[in-house]
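Report on the structure given below.
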Amino acid sequence: MPRYGYLLENDGVAVGVILLIFATTPGTETPRANVSSWYVEPAYRSYAPLLVSQALKLKQVTYLNISPAPHTWPILEAQGYKAYCRGLFFSMPALSPSGRGMTVEAVAPDTLMIKGLPGDDLELLKRHADYGYLSLVCHTAESALPFVFFPLRKRRGVIPVPALTLGYCRSIEDYVRCAGAIGRFLLRRGKPVIIVDATGSIAALPGIYSEVRGRKYFKGPHQPRLGDLADTELAIYGV
């Protein structure tokens, strides 16, 4: 896989670029590539399809575009992308009755082990904790479930938004199951709202669904899971 993506040159001068972030996550063997950014100088736009076809040629890779501007949606669909996430669900997990008897534990970059948590999950949590994000494990009676949360950085103004984005979980069902315990843990830290990728309202959670923002696309052999944004541009560049 290319380390950073592909560059379009003319006589040694960069005139276009497409940046790719390759990764795999626990439970998925198929590599994925987050198409994080692309641009071609106006005078060379006729070569843009060549650049895109070169970047998307690997048949074994699932390609993601998780931050498309609305005006690019028709372009992506013409390129063969399909929407796997239609919007965002703004959940208030502390109001959920779930999570009784569960405990929540934070993971640091130097955490050595977590009882019941596989090594690949622990490495993912430690890596994202090292990025500066909140990595948590919810302990149930049967298992230890991993979660990563990204802070929401407000684009304008100086007052921080009291919300986090769900950056990683094994499944949305895991989040729903642990929502009450996680919500109470985060409420004590001033974060009452968790933003979750969704295709509609989540009946078991208090909250509001919106399709104004949050649409995400994929192209390739495997449709991504909702709630799995680990090692994407949102983790590396920020939400």
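Values in this text are rule-based calculations from the coordinates and carry no lab data. Predicted model, so just to flag it, every value in this text is computed and none were measured. For neighbour counting, all protein chains shown are included, and Cβ atoms are generated from backbone atoms with ideal geometry for every residue, glycine included.
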task = Filter the stretch 80-124 down to residues that are in a helix (DSSP H, G or I) and in contact (Cβ under 8 Å) with a residue 40 or more places away in the chain and give me whichever is farthest from residue 202 (Cα to Cα).
result = 120
remark   = Of those in the stretch 204-223 that are in contact with an Asp or Glu (Cβ under 9 Å, 6 or more places away or on another chain) and assigned to a strand (DSSP E or B), the residue surrounded by the fewest Cβ atoms within 10 Å (Cβ to Cβ) is 216
message = Can you say whether residue 38 is among the aromatic types (Phe, Trp, Tyr), surrounded by fewer than 17 Cβ atoms within 10 Å (Cβ to Cβ) and closer than 26 Å to residue 211 by Cβ, as far as the supplied structure shows?
response = no
key: Members of the stretch 224-239 that are of a type in the set (D, E, K, R), touching a strand residue (DSSP E or B) at 6+ places or on another chain (Cβ under 8 Å) and part of a loop (DSSP other than H, G, I, E, B)   = 231
ask   = Of all the residues that make up the stretch 213-239, how many are farther than 18 Å from residue 131 by Cβ and touching a Leu at 6+ places or on another chain (Cβ under 8 Å)?
value = 7
task = Check whether at least one residue in the stretch 175-191 is β-branched (Val, Ile, Thr) and under 13 Å from the mean Cα position of the chain (by Cα), and report yes or no.
result = no
remark   = Given the conditions (1) surrounded by 16 or more Cβ atoms within 10 Å (Cβ to Cβ); (2) at negative phi, every one holds for residue 99 apart from (2)
query = Where residues in the stretch 37-62 are in a helix (DSSP H, G or I) and hydroxyl-bearing (Ser, Thr, Tyr), which of them is nearest to residue 237 (Cα to Cα)?
reply = 53
note = With criteria (1) assigned to a loop (DSSP other than H, G, I, E, B); (2) of a type in the set (D, E, K, R); (3) surrounded by 12 or more Cβ atoms within 10 Å (Cβ to Cβ), residue 130 comes up short on (1)
